[in-house]
Amino acid sequence: MVRVTNSTTPCADIVLPCLDEAAALPWVLARIPDGWRAIVVDNGSTDGSATIARAHGATVVHEPRRGFGAACHTGLLAAEADIVCFCDCDASLDPGLLTAFVRTVAAGDADLVLGRRRPQERGAWPVHARLGNLALTRMLRRRTGLTLGDLGPLRAARREPLLALGLTDRRSGYPLQMVVRAADAGWRIEERDVPYRPRTGKSKVTGTWRGTWHTVRDMRAVLRQPPEVRDLATPTRAAR
């Protein structure tokens, strides 16, 4: 049965990978759409993030293996709603923006909706992180033909088809592997502009040149993987 928040928006589960985001969690969780379930995946926090998340009504699951992909996939496995969303937990993105993404997926107008980050303030998206993202989107176009402007974390798709993609990356390459395998499976992928704010606290990934390099390295490894030979129906066909 599909629950709805109102007459036009189905409910969704939203996965929030979390590593020491105590300062950002109240802002993020206050913006979860009514009726949605926030799944905070604690990836080894030492600042009380899990306790704060529970106090603000989130479901908390723990993933001891460090890695963005490990946290995201654990959240996907814990999700139960037909449509699952992903959002960073650092207050750089407003999860309330995902309502429009979910409507699009629920209507069958797209299979995967991605947010293209548009910085709202100086310093919201460091130069080295933008350059890394630009290089990766160009490599993605050569690999899949997709013309995307970002590989950002704000996204929505149906849960069962996501699981059927068989995602294996458990580090920084997870978001890119999702897009690559979705493209290989013939999904319709849509990109929408979203405002991007300065994150709360220091980035663990793209806040430094070294972190950005490790992310680019992980994602380049994903792009070098041969196309998966999988019998995957598109989400819209599977949903009929």
Report summary line: Expressed in nanometres to one decimal, the distance between label points 7 Å along Cα→Cβ at residue 147 and residue 134 is 1.8
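FRET efficiency for residue 47 and residue 100, Cβ-Cβ distance as r, R0 = 25 Å, nearest 0.05? Present the calculation step by step, with values, prior to reporting the outcome.
Details: r = 32 Å, r/R0 = 1.28.
That pair, residue 47 with residue 100, gives E of 0.20.
How do the peptides 28-35, 137-144, 67-74 rank, highest first, by the average count of neighbouring beta carbon atoms within 10 Å per residue? Walk me through the numbers before you get to the answer.
Values: 28-35: 17.2, 137-144: 15.6, 67-74: 23.0.
By packing density, highest mean first, the sequence is 67-74, 28-35, 137-144.
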Query raised in the report: How do the peptides 191-197, 116-122 rank, highest first, by the average count of neighbouring beta carbon atoms within 10 Å per residue?
Result: 191-197, 116-122
Report task. Please report, as a whole percent, how much of the solvent-accessible surface of segment 98-208 comes from carbon and sulfur atoms (probe radius 1.4 Å). Result -> 48
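Multiply the residue gap between residue 160 and residue 77 by 0.36 nm, knock off their C-alpha separation, and tell me the result in nm, one decimal place.
Working: separation 83, 0.36 × 83 = 29.88 nm, distance 1.00 nm.
Gain on stretching residue 160 to residue 77: 28.9 nm.
The values are calculated or read from the model by the stated rules, or taken from the named source; none is laboratory data. None of these values were measured; they are calculated from a predicted model. Cβ sites come from the backbone with ideal geometry, for glycine too, and all protein chains shown count toward neighbours. What goes into the accessible areas is simple: the full protein's heavy atoms, side chains included, and nothing from ligands, DNA or RNA. Shrake-Rupley method; radii C 1.70, N 1.55, O 1.52, S 1.80 Å.
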